[in-house]
Amino acid sequence: MEITAPLAALVVAIDVVPRSKVHARQTLVVLESMKIEHVVVAPIAGIVERILVAVGDVTEPGQLLLALVAGAGDVPLVPTVIVDSTAMRPDLADIIERHRETLDSGRVVAVDRHHARGRRTARENIADLIDPGSFTEYGALALPAQRRRHSVEHLRAIGPADGLVAGTATIAGQRALVMAYDYMVFAGTQGHANHKKTDRMLGLAAKWKLPLVWFVEGGGGRPGDTDAFGATGLDVPSFRALAALSGKVPRIAIAAGRCFAGNAVMFGLCDVTIATRDSNIGLGGPAMIEGGGLGRFAPEEVGPIGVMEATGVVDLVADDEAHAVAMAKQLLGFFGGRVADWACADQVALRTTIPENRLRAYDVRQVIATLADEMSVLELRMGFGSGMVTAFVRIEGRPFALIANASAHLGGAIDADGATKAAHFLALADSFGLPVLSLCDTPGFMVGPEAEKLGGVRHGARLFTIGAALQVPVFTVVLRKGYGLGAMAMAAGGFAATNATIAWPTAEFGGMGLEGAIRLGYAKELAAEPEATRDALFDRLVGKLYAEGKAVSVAAWLEIDAVIDPAETRGWLIRALAAAGPVTGSGRMVDNW
């Protein structure tokens, strides 16, 4: 049998001699082409009859290398090389060790110190968030850009993954991208390699349309990196890249402990922000504050959770990191669509949630809890804009973005903070395809000299602008008061602008509050009335106006679509949603505020 060269190549080794006996698949000749070796093996067992090339020869394709005769013969057997498949090659051992060093099990001292602070590690948080076994890590072998200061071995010990654990995973079966700053590496600061990894991951999030969950504890930019080419780092694209994801994928940030400077900006760039009660968040940490000549402060004095919640920076306040992860899972579920399993309270209870006394305050959250699927309500920004409730809910397993007036605050009037809060939430719902449910009970926009100091004119107008741009279905249910421009703002700009505007029997309507309308419209008549009977005249006039503005009266003029039994609200909404057809998000940018 003739053995020929498979390609043009240099003969670099001949492993047999004439008259030697060989096994099938045994190496005969080694050829080299373009720095790659090609092994020519025996196709059958046999005896080498003659060899026609020598080491150093250059072959042509098809050139005869040697002749092989089938059969055993009496010649000695050429030994074959036996490879031990259980042996650990040095390069494999090295990579296994490098990966081990990045794990918590390879960093016992640092992990113990971190646990002593009451914190979970970055990897522990990720493991709690994702489905087991679903994490594919990117950039695990990154090292801090400090080779001019430290040896590679030392950097492997103090800076694994350059302080950012990142990768893809599934969360309750939903594809996602997960990142976590590692506080055990330079206090979770952002280094050059860290930023490069961030840019890579954000690019994948954009390319693959992956929702993002980011644990952002850390101290901002890292000044100690020495190896990068550049002076200030002001050309780093990470912040713009995260901002560019607005409207493209949901972005969820979780802050625990200290979150300052660049880390805080990443937090603020996300669509929904979660922070633990012991967190501190600020655009500058103590060192930056002192460096700016603004005084010396302990980290705990900068941006405590009470401040961040009251200003609306934090959407959800968690008791601890485990609670924050549970919130993130629930939140991500709303963007994942409908769930099959659900239960709800007896809807007959809705008939008595609104007081018979039309002037009596009540807890609208009780209405929401009864109307929505059990355990499905997730309210955002509870400590900000108290007169407006914004919450994700489910009805028959379908996710909705709900806004509601809270009569216990300013009688349900929409102030600047409430308008801002609702406008942002509506934009978020529209971008990611969540139908809007608006529970209206408002006397209108908040007025008065003090209210105007807060910019209510512009903030209130945002509700109309965003309402006019909404592409998702909007359903307004008037629970009680539906007055003036505020009521129109709760209905995407007007009662005819929604997919359905319905009312409960307790609802009442008017261009402005009844009492104010009477005092303005009948000022002369009231002034002329004797004081003894003035209150009675006022009550009669209010009663007449109330009768004209009752839900059933307004429905007769077709200004609203229906007046329904409160117990039938869920069914009404689900049927109206089905009639609206498939719901898709607009993908528009969502203002961070």
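The values are calculated or read from the model by the stated rules, or taken from the named source; none is laboratory data. As the structure is a computational prediction, the values presented were derived from the model and not from experiment. Note that we place each Cβ from the backbone using ideal geometry, even for glycine, and neighbour counts take in every protein chain shown. Keep in mind that these areas ignore ligands, DNA and RNA; they rest on the heavy atoms of the full protein, side chains included. Shrake-Rupley method; radii C 1.70, N 1.55, O 1.52, S 1.80 Å.
Which residue is modelled with the lowest pLDDT, if the candidates are limited to segment 120-151 and must be of a type in the set (A, V, I, L, M) and over 26 Å from I252 (Cα atoms)?
Kept after step one, since they are of a type in the set (A, V, I, L, M), are these residues of segment 120-151: 122, 126-127, 129-130, 140-143, 145.
With the extra rule that they be over 26 Å from I252 (Cα atoms), the set shrinks to 143, 145.
Values: L143: 93, A145: 89.
Among those that are of a type in the set (A, V, I, L, M) and over 26 Å from I252 (Cα atoms), it is A145.
Does R277 meet the test of being among the charged types (D, E, K, R) and either surrounded by 24 or more Cβ atoms within 10 Å (Cβ to Cβ) or in contact (Cβ under 8 Å) with a residue 60 or more places away in the chain (or both)?
Working: among the charged types (D, E, K, R): yes; either surrounded by 24 or more Cβ atoms within 10 Å (Cβ to Cβ) or in contact (Cβ under 8 Å) with a residue 60 or more places away in the chain (or both): no.
No.
Quick check on my filter: what residues within segment 302-327 are small (G, A, S), touching a Gly at 6+ places or on another chain (Cβ under 9 Å), crowded, with 20+ Cβ neighbours inside 10 Å and at negative phi? Passing the criteria: none in range. In the condition set (1) open to solvent by 40 Å² or more (accessible area, probe 1.4 Å); (2) under 22 Å from A169 (Cβ atoms); (3) among the β-branched types (V, I, T), T232 is compliant with all but (2). If I ask for residues that are in a loop (DSSP other than H, G, I, E, B), closer than 28 Å to A324 by Cα and in contact (Cβ under 8 Å) with a residue 60 or more places away in the chain, which ones from segment 136-172 would you list? Those that are in a loop (DSSP other than H, G, I, E, B), closer than 28 Å to A324 by Cα and in contact (Cβ under 8 Å) with a residue 60 or more places away in the chain: G139, A172.
When you check F335 against the structure, is it in contact with a Pro (Cβ under 7 Å, 6 or more places away or on another chain) and either among the charged types (D, E, K, R) or touching a residue at least 60 places away in the same chain (Cβ under 8 Å) (or both), yes or no? Walk me through how you get there before you give the answer.
Values: in contact with a Pro (Cβ under 7 Å, 6 or more places away or on another chain): yes; either among the charged types (D, E, K, R) or touching a residue at least 60 places away in the same chain (Cβ under 8 Å) (or both): yes.
When the stated conditions are applied, F335 passes them.
Picking from residues in segment 349-363 that are in contact (Cβ under 8 Å) with a residue 12 or more places away in the chain and part of a helix (DSSP H, G or I), the one that is most open to solvent (accessible area, probe 1.4 Å) is R351. Total residues in segment 242-263 satisfying the condition of being closer than 11 Å to V314 by Cα and open to solvent by 10 Å² or more (accessible area, probe 1.4 Å): the figure is 0. Here the helices (runs of 4 or more DSSP H) wholly within segment 490-593 that include at least 3 residues being modelled with pLDDT under 95 are 514-521, 523-528, 531-549, 551-556.
On the stretch given as segment 464-484, residues that are closer than 18 Å to A500 by Cα, assigned to a helix (DSSP H, G or I) and touching a Gly at 6+ places or on another chain (Cβ under 8 Å) total 3. Report yes if some residue within segment 78-101 is out of contact with any Leu (no Cβ under 9 Å at 6 or more places or on another chain), without any contact (Cβ under 8 Å) to a residue 40 or more places away in the chain and open to solvent by less than 40 Å² (accessible area, probe 1.4 Å); otherwise report no. No: segment 78-101 contains no residue that is out of contact with any Leu (no Cβ under 9 Å at 6 or more places or on another chain), without any contact (Cβ under 8 Å) to a residue 40 or more places away in the chain and open to solvent by less than 40 Å² (accessible area, probe 1.4 Å). Of all the residues in segment 371-415, those that are outside any strand (DSSP E or B), under 24 Å from the mean Cα position of the chain (by Cα) and free of Cβ contacts under 8 Å to residues at least 40 places away in the same chain number 5.
Determine if segment 93-102 includes at least one residue that is modelled with pLDDT of 90 or more and basic (K, R). Yes, some residue in segment 93-102 is modelled with pLDDT of 90 or more and basic (K, R).
Which of the residues belonging to segment 107-135 are surrounded by fewer than 17 Cβ atoms within 10 Å (Cβ to Cβ) and either closer than 23 Å to A326 by Cβ or in contact with a helix residue (DSSP H, G or I) (Cβ under 6 Å, 6 or more places away or on another chain) (or both)?
First pass over segment 107-135, keeping only residues surrounded by fewer than 17 Cβ atoms within 10 Å (Cβ to Cβ): 108-109, 112-113, 115-118, 127-128, 131-134.
Across segment 107-135, the qualifying residues are H115, R117, G118, A127, D128, D131, P132, G133, S134.
In segment 524-544, which residue that is open to solvent by 80 Å² or more (accessible area, probe 1.4 Å) and within 60 Å of the chain's Cα centre (by Cα) is nearest to G510 (Cα to Cα)? The extreme case among them is K544. Taken as a whole, the structure places G191 among residues that are at pLDDT below 95 and buried (at least 23 other Cβ atoms within 10 Å of the Cβ).
Looking only at segment 18-52, residues that are surrounded by fewer than 18 Cβ atoms within 10 Å (Cβ to Cβ), under 13 Å from A8 (Cβ atoms) and in contact (Cβ under 8 Å) with a residue 24 or more places away in the chain come to 2 in all.
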